[in-house]
Amino acid sequence: MLGTNKAADVEPNALERSLRLAYEEVYFCKTQLYLNIRTWESQNQPFKVLRNDT
């Protein structure tokens, strides 16, 4: 489980801002977290967590 918040309670902008503050994009794209998010997105379409150009 990734968290205890309901999907409707998670603000996309807040999540995106937190990830930007935690990692530079070039390093973030090399992390297991990045790969896990992309995998989750592909298995839970049409939901998106990250922009396509990340």
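In terms of the Cα gyration tensor, with a ≥ b ≥ c the square roots of its eigenvalues, is the chain rounded because a/c is under 1.5, prolate because a/b exceeds b/c, or oblate? Intermediate results must be reported in sequence, preceding the final value.
Values: a/c = 1.67, a/b = 1.25, b/c = 1.33.
Taking the square roots of the gyration eigenvalues as a ≥ b ≥ c, the chain is oblate.
On a full-extension model of 0.36 nm per residue, what is the gain between LEU21 and ASN52, subtracting their alpha-carbon distance, rounded to one decimal in nm? Let's see the in-between values first.
Details: separation 31, 0.36 × 31 = 11.16 nm, distance 1.85 nm.
Roughly 9.3 nm would be gained on extension.
Enter the accessible area per residue of the chain (Å², integer; probe 1.4 Å; all protein chains in place).
Working: 4770 Å² over 54 residues.
Each residue of the chain exposes 88 Å² on average to a 1.4 Å probe.
Could you check how much of the accessible area of the chain is carbon and sulfur, as a whole percent, using a 1.4 Å probe? Please report the intermediate quantities before stating the final value.
On the way: 2590 of 4770 Å².
In the chain, the share of accessible area belonging to carbon and sulfur is 54 percent.
The values are calculated or read from the model by the stated rules, or taken from the named source; none is laboratory data. Fair warning: this is a prediction, and the values are worked out from it, not measured in the lab. For the accessible areas, the whole protein counts, side chains as well, though only heavy atoms, and no ligand, DNA or RNA atoms are used. Shrake-Rupley method; radii C 1.70, N 1.55, O 1.52, S 1.80 Å.
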